[in-house]
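This report concerns only the one structure given below.
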Amino acid sequence: MSLIETARKVRENAHAPYSNFKVGAALRAASGAVYAGCNVENVAYPEGTCAEAGAIAAMVAGGDSQIAEIAVIADSPKPVSPCGGCRQKIAEFASGDVIVTLTTIDGVTMQTTVADLLPGVFDADYMSRV
């Protein structure tokens, strides 16, 4: 199953009672294992947690620490981009040249890289004097 199909399938499990905006994400770790996540909203935090963060948490829980590729899908008129927080999380676990595929449930697809999603990423080099 492709990353897009995995993300499409897990998207259906999203818990989005406030926004009704379901998002799915799937990533392939450097080990080759595939991990998926969906957004989860709750009354105290209606914007919820993001699908990308869920997939990354699953990857870490699975013992992997390096993203080789990631895909995100939503029912939107154009491919949905990860939020700023998720862009930073992705950058923590992926090199700048990792491919990020953004797609809609209608099949409109855009590919970019982690570096293009988050230019000027905050990384450990900024703390080199600490």
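Tabulated data
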item	result
The stretch 41-67 residues near the modelled M1 label - backbone nitrogen below 15 Å, point 7 Å along Cα→Cβ	55
Around S31: net Lys/Arg minus Asp/Glu count, Cβ-Cβ under 14 Å	-1
Theoretical ellipticity at 222 nm over the chain - DSSP helices of four or more residues, -39500 (n - 2.57) apiece, nearest 500	-7000 deg cm²/dmol
Environment charge of I90, counting only residues whose C-beta is closer than 15 Å and scoring Lys/Arg +1, Asp/Glu -1	-4
Residue-count net charge about N20 - beta-carbon cut-off 11 Å; Lys, Arg +1, Asp, Glu -1	-1
Residues V121 and Y18, FRET efficiency given R0 of 22 Å [Cβ-Cβ distance, rounded to 0.05]	0.15
Inverse of mean 1/r across different Cα pairs in the stretch 82-125, Kirkwood, Å	11.0 Å
The chain - Kirkwood radius from inverse mean 1/r over Cα pairs (Å)	14.7 Å
Enclosed volume per residue, in Å³, of the convex hull spanned by Cα atoms of the stretch 18-82	76 Å³
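We did not get these values from a lab; they are worked out from the coordinates using the rules stated. Source: prediction; values computed, not measured. As a convention, Cβ positions derive from the backbone with ideal geometry for all residues, glycine included, and neighbour counts pool all protein chains shown.
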